[in-house]
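Every number here is computed from the coordinates shown, using simple stated rules; none is lab data. Bear in mind that the values here come from a model prediction, so they are computed numbers and not experimental data. Quick reminder, even Gly has a Cβ in these numbers, built from the backbone with ideal geometry, and neighbours come from all protein chains shown.
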Amino acid sequence: MPELPEVETIVRDLRLKVLQRTFIDIWTDAEKLIKFPAFPKFKKEIIGLKVEGVNRRGKNIIFELSERRILLVHLKMTGHLLLGKWRKTGALWRSEVSGPMQDDPTNRFLHLIFWLDSGQMIALSDMRKFAKVELRKASEFYSSKYFKDLGPEPLSKSFSSKELGERIQKRKRKIKQILMDQSVIAGIGNIYADEILWQAKISPFRPAESLSFWEVEDLCSAMKEVLKKAVAAKGSSVSDYRTLSGEKGKFQEIRKVYRKEGERCPKCGEKIKRQKIGGRSAHFCPKCQK
Ligand SMILES: [Zn+2]
């Protein structure tokens, strides 16, 4: 699932390409992707709206539109957004741009397409069709429980180890689960929770409340360092995530533990282990993560 660095990469690229562009048409063969309002109404309402801003909050892509509307896109499991031009041949959309848009099969699961007045198209490629797309009044969205329940942004300057400490204290759940809880901190999922805990030398199985003051400091610095590196690398394409131009990110090439079971820990040489925590796999070094 795309996490903070992947969504941030998409949002930065969108900001460069689609500001001030107006939606002129939309197509889908998977109406269930549109959660609100139902597709016919969604289509009628979005046509004519202009993109005035593109932002990220946690793993959510937020298009700020004219008439104080919000287009929310959450990519969930296998979704990613592409910007390009496609033509329909038979049942299939074929990219008119050569390169990864044509050659990488991950970029061919187009189930939702927006046409812009620039002639470009924004497409959602989503193999499993779990993504969430909504069109809402901005005032309703920003005051919704969903939006208000999101925890702080770990890369914001104001986010400190003091705030992290306050948010995880008295929590009995394992630290890895706490890091992935969007109401505690926004934007972290399976890949970066494993990478951050390895960097901070903290075992994913530790109850959050057992972390010392210094461990919380290490965790906070590791969080900022790993996430910044991953944004700079344009995210991780371990599975389906691609950038707006259909290319792979580069963080998977420099990751240390995620899906590296059996390989050697770069710090101590011990074999990396994989073990389940609440249905998700944790990858960690049993020697240097205490
Ligand atoms: Zn190690």
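Data overview
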quantity: Cβ-based charge dipole, the chain, positive-most Cα from 249, 212, 22; calculated: 212
quantity: Pairs from 32/59; 32/201; 17/273 whose Cα-Cα separation, in the structure shown, is over 31 Å; calculated: 32/201; 17/273
quantity: Residue exposure sequence - 225, 166 - by fewest surrounding Cβ within 10 Å; calculated: 166, 225
quantity: Average Cα contact separation per residue, the stretch 1-148, under 8 Å, 6 or more apart, as relative contact order %; calculated: 29
quantity: Rounded tilt (10° steps) of 190-200 against the dominant C-alpha axis of the chain; calculated: 30
quantity: For the stretch 4-148, share of DSSP beta bridges that run antiparallel, in % to the nearest 5; calculated: 95
quantity: The stretch 5-125 shape via C-alpha gyration tensor axes, a/c threshold 1.5; calculated: rounded
quantity: The chain, dipole about Cα centre (Lys/Arg Cβ +1, Asp/Glu Cβ -1), debye to the nearest 20; calculated: 700
quantity: Helical contribution to [θ] at 222 nm, DSSP H n ≥ 4, -39,500 (n - 2.57), averaged over the chain, rounded to 500; calculated: -8000 deg cm²/dmol
quantity: P(r) tail fraction, the stretch 161-284 - alpha-carbon pairs more than 17 Å apart, %; calculated: 56
quantity: Degrees between helix 4-18 axis and first principal axis of the chain (Cα, 0 to 90, nearest 10); calculated: 30
quantity: Taking 47, 277 and counting other C-beta atoms within 10 Å, the order from fewest to most; calculated: 47, 277
quantity: Counted charge near residue 25, where neighbours are those whose Cβ lies closer than 15 Å (Asp, Glu -1; Lys, Arg +1); calculated: +4
quantity: Euclidean distance of C-alpha centroids, the stretch 55-81 and the stretch 83-158, integer Å; calculated: 8
quantity: Calculated log₁₀ intensity ratio I(q)/I(0) where the Debye formula runs over C-alpha points of the chain, q = 0.09, 0.10, 0.11, 0.13 Å⁻¹; calculated: -0.46, -0.57, -0.68, -0.91
quantity: Proxy reagent accessibility, fewest Cβ within 10 Å first, across 197, 244, 49, 82; calculated: 49, 244, 82, 197
quantity: Taking the chain and dividing mean pair separation by its residue count, relative contact order in percent (alpha carbons under 8 Å, at least six apart); calculated: 19
